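All remarks here apply to the structure that follows.
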2 protein chains.
Amino acid sequence: VIVLQLSSRTKMNTINWLISRIQEEKLLGGAELLCKLAYVSHKDGVILLIGGTLERLLHGAEEKELVKQYKDGTLKPFLYHDRNNFHDFKNKKQLFLTSGECLQLIKHDLDNLRARQEKHVPEVPYAKLYPGKNILNTLATSGLLVQMYPLHNFEELETLKEVWYGKVQVFSQPINAVRNYFGESIALYFSFLGFFTLSLFYRSIFSLILYFLTDKTFNGNMLMAIINIVWSTIFLECWKRKSNKMAFQWGMLHRVEEFEEPRKGFEGPLGINPVTGKKEPIRLPGEWRSLNFIHSFLFVSFSLLVSVLMMLAYLWAKTLAEKYCAIHRNTQSYVIAVLPNVGYAIGVIILNRTYLKLARVFTEWENHRLASTHEYHLVAKLLLFYFFNNFGLLFYAAFYMQDFTEVSEDVATQLITYQILDQIMKSIVPYWINKRKLKKLKQSSETRGGPVLQHVLIEGGLDAYKGLIDDYLEMFLMFGYMMFFSSIFPLASVCCFLNSITEIQLSALKLCDNFQRPFPVPASNIGIWQLAFKCFVILAIIVNCAFLGMSAEFQAVFGDYTGIHLIILVFTFEHLIMGFVTLIEHLIPDVPKNIEIQLKKFEYESRQALKCEKLQQTYIKDNQKLFSSAQRRERQI
Amino acid sequence: VIVLQLSSRTKMNTINWLISRIQEEKLLGGAELLCKLAYVSHKDGVILLIGGTLERLLHGAEEKELVKQYKDGTLKPFLYHDRNNFHDFKNKKQLFLTSGECLQLIKHDLDNLRARQEKHVPEVPYAKLYPGKNILNTLATSGLLVQMYPLHNFEELETLKEVWYGKVQVFSQPINAVRNYFGESIALYFSFLGFFTLSLFYRSIFSLILYFLTDKTFNGNMLMAIINIVWSTIFLECWKRKSNKMAFQWGMLHRVEEFEEPRKGFEGPLGINPVTGKKEPIRLPGEWRSLNFIHSFLFVSFSLLVSVLMMLAYLWAKTLAEKYCAIHRNTQSYVIAVLPNVGYAIGVIILNRTYLKLARVFTEWENHRLASTHEYHLVAKLLLFYFFNNFGLLFYAAFYMQDFTEVSEDVATQLITYQILDQIMKSIVPYWINKRKLKKLKQSSETRGGPVLQHVLIEGGLDAYKGLIDDYLEMFLMFGYMMFFSSIFPLASVCCFLNSITEIQLSALKLCDNFQRPFPVPASNIGIWQLAFKCFVILAIIVNCAFLGMSAEFQAVFGDYTGIHLIILVFTFEHLIMGFVTLIEHLIPDVPKNIEIQLKKFEYESRQALKCEKLQQTYIKDNQKLFSSAQRRERQI
């Protein structure tokens, strides 16, 4: 069930109108859902509980073409009149649709609740309506709708928690259960994180062996650089196949892409969408948003400048600390020697988090029409800055100063500080704050209503889930540290591995306990992040080849070559690797063979079905003609 | 109309059976086409003429979902019952379908003529049949079907010839008329060639100005290298947009990809296609074709070896000639000095043509199931060798010997020899041979039958069109000479421009007069060649950056940098350009905005139509139920 929390100043007429619209039949333009006025108070406002009958949800599933397992084991879009032939329908009717799917269907119907002939929301003259305008959006912008959130299903959640992080199971997360409860988008994130952790496991073992076998004075390990390139290519290719396999099993690959509606935050004059012909906010053809983009550009430049200033401050502090240490040789000096590094690491984290918040604001100002382009611009901004802020100093030290000990130290400090600090800031502190909040909420809600209402109020008091961007960003940084610097600091992969393990646990904990239940978002892949990781792999090839060329071992092997020729050799090598990686990407198909066949078969069958339908129609028409002419003749007789 | 020429030993029973199968109704498994036995002779065998009524072709057009212009200007798949609403249908019924489309539809029906219960072709017990087996394929493999070719439409052909190469019109080919007559695939080739020529025109003007303004002693012109990179990127991006625009207007982008059937040459045991469930030759899962690929690999390696040997022979002959010239200084010595170059250029051309023929044979041996993979492997083989054979020596001279005068000379000789020799070999000689052949054919056919039959026999005597591969290869080489070496030999683009102009004229001449009319092949882009040209652009960036680094001008500009730093600078520059080109490719959409909107609209509307249809069906079903229950009640009364 979904909760709609309205402001306490909402009039009774408005509430009744909203309830009637939600309950009304689909053909009359309603949502045909169950709706109950649960609670009205001055403090918490008006609480509406919304649900749907199984019958209604099944029809919705047919309409949205949810893909389900058929009795013969293949996957097919659900058809209501064929429902008994679907796997598990007869036995477990209530469990046929997962709770995530139910939420998704109900949300879809609510989101499509549109105005008819009303000029404005009853009793609220300033909340203007016109035929086809989205009702919930209007209520939200006029301040009447405070929040809308789905309720946790405690029974299911407890079972999920138990198998997910009750026992210590790092490499076998219950991804399907996560998908059933939280939806595909979140399940894909956890699956990606899990796959990353597993890949890191093998890599760290290898790194440890290498670390203890070779001497520790190398500057850029040749073997490690090659391993980096091979590992990352294989990792991304395997992930693509694994991701497609999962998406196939969840029926995400059977879907045709939806026609994206403008995202909620988009502001534009009303007009007619040239594709769908629907009335919706559009972007005027001549509109020029260059000013907004200039703002964003200035913001990014300024942030990069701040980052550079911090680097300079660090380098200055470092020199001071070194001077101090050179004079005073006591225990205190050790602490002081490390201080700039730790300070810089903390500064980087703080800048990261501030930038994330500001980037959201600036991207919102850019006023993108589609949610996908909005996300694209946001992530692009983030990646640019995060790359610069986190790795800028390290690249400077490695390439310009060629000081590998410094780099090694910095990577170690940054990784360890990051690990400790970020996880405390991101998970443990909010968890603790949340516990206190929950306690307070429980106390205050105990006085009111039954146990269901208590849950509603408690969950309403939690924060809404913020999406996966910071989680992906963190993985992205780990990946970067490891890809770029593990040939200098070979234990980077071990640090990342440890971080990933705790990350899985903490993210899961956070998701289940610290936030309102998020609405499930269907997704067939990790989207823009796939591209982001691919860019990193390409960058990593360049960086690792450069380290390779600078490594003493490499120079020893190709001792005959000097100066210019050595560099030409390295660059030739790099181009060959780049070509090879591109070739491999082309040669390994993204979708496993058997899945490809099944998908093609599905497409072929639906195409054939369409043809048959057309033939039948002509047949029916011909029959009708025959029938009517026969009638005419009869009449004449 | 299409001509089927059967062997003279075909029995009358077989002929009658074939005719009846071709004429039979579609529902009974025939092709429902017109078929006439035109001529039987001991020498020419049996000639069947095949055509279709307009009615039949229109139904075929609906079935194949040919896209036509609707009365409101949009493009829609043709629907027979809606035919009067299509643009130009009422006025010019006969011209509504282009002659290319008619051929395509008739060919499709003939290709889908399949056996029913027959065990073998009547009177030919060794030509085994089983239900669903392709009849024409069986006739062809059993030697009964000698050839199948469409007849030229002389009226249309003469009009086309007049506007195409009657007048000198280099930059405005009648691409739409070419498409209507020869089909999309050939039209796209000519359009690509034309676009290439036009781009070359601007480039050559620029090159000429540069050539006369700067001093002629440069080795690697800096400006030219930059122009190369910019020009090629823009050229390919613009072509993609232009190509998509044309494909859209021809209705090629509205189509869903067809499910590819196995190509005719594929040999495999009969089995069931896992996707379509049809009986057809399949590849067994465990089958291992490594031996065939080893053969191909050895063939390619051996060819490359031959190419290297020829290079060595050239270098040896060159030294000899230089020695001779150093002693004897007369007019003869000039000729002898040029001889090795000319000899090498001729050798390259001969190797090219031999390799092309052999590559076809080896790719055939690889026994690919699909026509697309077959073409892919063939073209990949060709590109590798052509690249090596044509540019190998030049790269050797440029990078290893750093002898830019030599490179400049070689490029000039190769380009000019190529231009003169190849066009004589490819177009003028065959044209002349053909003329004699035609004369002979005319003389021998004059004694027999009417004028139509004469044409049939004359065209039957011509060679079948061999496809576009050698034409594309030639363009590919021109592109390569210009992209790689125009910074050394700036007149390369002028040579290529001249070559392209004659190429358009000669290719058109060849297509119209020297061969049988080819069957039109629908295509939405130039396929694998787009990828091939893109690879060349990337290679060209690397090569041009290298030349840039080696150029005296560049070294003068960055005089502060020496040795290692200069090279690092060049490579950094190269990486930046590569990144920039990739970025530009991502940012410029392949399909122009307005076409994208129209395509999306089309998709949206057909999706909506599908939904409506489904609703209607449920409505009809409900009505039927009501109707039958009413009937039952009536009966009870």
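Closer than 30 Å to residue A:412 by Cβ, exposed (fewer than 11 other Cβ atoms within 10 Å of the Cβ) and away from chain B (no Cβ under 14 Å), is that true of residue A:330? Yes; evaluated as a whole, the condition is true for this residue. Restricting B:524, B:487 to those that are more than 23 Å from residue B:391 (Cβ to Cβ), among the hydroxyl-bearing types (Ser, Thr, Tyr) and crowded, with 16+ Cβ neighbours inside 10 Å reduces the list to B:524. One residue alone among A:206, A:201, A:212, A:196 is of a type outside the set (Ser, Thr, Tyr), within 20 Å of the chain's Cα centre (by Cα) and either at pLDDT 85 or above or part of a helix (DSSP H, G or I) (or both), and that residue is A:196.
For segment B:533-542, the count of residues that are outside any helix (DSSP H, G or I) and either β-branched (Val, Ile, Thr) or in contact with a His (Cβ under 6 Å, 6 or more places away or on another chain) (or both) is zero.
Taking residue A:394, is it in contact with a helix residue (DSSP H, G or I) (Cβ under 9 Å, 6 or more places away or on another chain), within 24 Å of residue A:500 (Cα to Cα) and modelled with pLDDT of 85 or more? For residue A:394, the condition - in contact with a helix residue (DSSP H, G or I) (Cβ under 9 Å, 6 or more places away or on another chain), within 24 Å of residue A:500 (Cα to Cα) and modelled with pLDDT of 85 or more - is met. If only residues of segment A:77-112 that are without any contact (Cβ under 8 Å) to a residue 12 or more places away in the chain, more than 14 Å from every other protein chain (Cβ to nearest Cβ) and not in a loop (DSSP other than H, G, I, E, B) are counted, the one that is farthest from residue A:23 (Cα to Cα) is A:84. Of everything in segment B:270-322 that is touching a residue at least 60 places away in the same chain (Cβ under 8 Å) and among the basic types (Lys, Arg), the residue that is nearest to the other protein chains (Cβ to nearest Cβ) is B:278.
The set of residues in segment A:552-596 that are at pLDDT 75 or above, of a type in the set (Ser, Thr, Tyr) and over 34 Å from the mean Cα position of the chain (by Cα) contains only A:572.
Selection of segment B:343-376 for residues being within 18 Å of residue B:291 (Cα to Cα) and of a type in the set (Lys, Arg) yields B:360, B:369. Scanning segment B:5-25 for residues that are assigned to a helix (DSSP H, G or I) and without any contact (Cβ under 8 Å) to a residue 12 or more places away in the chain turns up B:12, B:16, B:20. Here the condition is being surrounded by fewer than 21 Cβ atoms within 10 Å (Cβ to Cβ) and among the hydrophobic types (A, V, I, L, M, F, W, C); of B:556, B:546, it holds for B:556 alone.
Summed over segment A:119-165, residues that are under 17 Å from residue A:48 (Cβ atoms), part of a helix (DSSP H, G or I) and among the hydroxyl-bearing types (Ser, Thr, Tyr) total 1. Report yes if residue A:518 is within 14 Å of chain B (Cβ to nearest Cβ) and outside any helix (DSSP H, G or I), otherwise no. The answer is no for residue A:518. Looking across segment B:348-360, the residues that are modelled with pLDDT of 90 or more and either touching a Ser or Thr at 6+ places or on another chain (Cβ under 9 Å) or closer than 17 Å to residue B:409 by Cβ (or both) come down to B:351, B:354, B:355, B:358, B:359. No other residue among B:70, B:80, B:39 is farther than 14 Å from residue B:107 by Cα, surrounded by fewer than 18 Cβ atoms within 10 Å (Cβ to Cβ), touching a Leu at 6+ places or on another chain (Cβ under 9 Å) and aromatic (Phe, Trp, Tyr) apart from B:80.
Checking each residue in segment A:1-31 for being closer than 17 Å to residue A:112 by Cα and in contact with a Ser or Thr (Cβ under 9 Å, 6 or more places away or on another chain) picks out A:18, A:30.
All conditions but one from (1) buried (at least 16 other Cβ atoms within 10 Å of the Cβ); (2) of a type outside the set (S, T, N, Q); (3) in contact (Cβ under 8 Å) with a residue 24 or more places away in the chain; (4) touching a helix residue (DSSP H, G or I) at 6+ places or on another chain (Cβ under 7 Å) apply to residue A:342; the one that does not is (1).
Inclusion of residue B:390 among residues that are of a type in the set (S, T, N, Q), under 22 Å from residue B:314 (Cβ atoms) and part of a helix (DSSP H, G or I) is warranted.
The residue of segment A:449-465 that is modelled with the lowest pLDDT, among those that are assigned to a loop (DSSP other than H, G, I, E, B) and surrounded by 13 or more Cβ atoms within 10 Å (Cβ to Cβ), is A:449. The combined condition, being part of a helix (DSSP H, G or I), more than 10 Å from chain B (Cβ to nearest Cβ) and at pLDDT 70 or above, is not fulfilled by residue A:599.
The values are calculated or read from the model by the stated rules, or taken from the named source; none is laboratory data. Remember, it's a predicted structure, so these values are computed and weren't measured experimentally. Note that we place each Cβ from the backbone using ideal geometry, even for glycine, and neighbour counts take in every protein chain shown.
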